[in-house]
Amino acid sequence: MVSRAKSVNWVSVDSSVFTSAAYLHGKRLLYLRFHSGDIYRYFDFPPDQYDEFLAADSKGEYFAYNIRDKFRYEQVREAQRFTTAR
């Protein structure tokens with residue numbers, strides 16, 4: 001797992017699935033931050049699709065039909081999960 005997503009400019013999105021998204025035009029990389037805190041990077045993602053994603057009424061539905069299983073991806077950061085001591 002690589003942790004380089006800190007240098008991108010995140011855009012907050014209104015979604016029940018995602019908290020924010022970022023795009024690096026020169027590298028055609030899409031970053032998605034899920035409500036769980038997990039961050040994924042999608043490779044060779046077209047800029048026009050990033051615009052479509054941001055404009056979609058349902059980001060989760062757009063993701064399900066147009067992004068998931070259609071682009072190579074990697075997990076950039078796993079959400080930190082805390083347990084409480086009893």
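The values are calculated or read from the model by the stated rules, or taken from the named source; none is laboratory data. Owing to the predicted nature of the structure, the values given are computational and were not obtained by experimental measurement. When we count neighbours, we look across all protein chains shown, and the Cβ atoms used for this are built from the backbone with ideal geometry, even at glycine.
Name the residue, out of Phe63, Phe53, Phe45, Phe82, that is at pLDDT below 95 and of a type in the set (Phe, Trp, Tyr).
Step by step, each of Phe63, Phe53, Phe45, Phe82 is checked, and only Phe82 is at pLDDT below 95 and of a type in the set (Phe, Trp, Tyr).
From Tyr40, Tyr73, Tyr31, grab the single residue that is in contact with a Leu (Cβ under 7 Å, 6 or more places away or on another chain) and modelled with pLDDT of 95 or more.
After applying the criteria, what remains is Tyr40.
Return only the number of the condition from (1) surrounded by fewer than 12 Cβ atoms within 10 Å (Cβ to Cβ); (2) in contact (Cβ under 8 Å) with a residue 40 or more places away in the chain that Asp57 does not satisfy.
Result: Asp57 passes all but (2).
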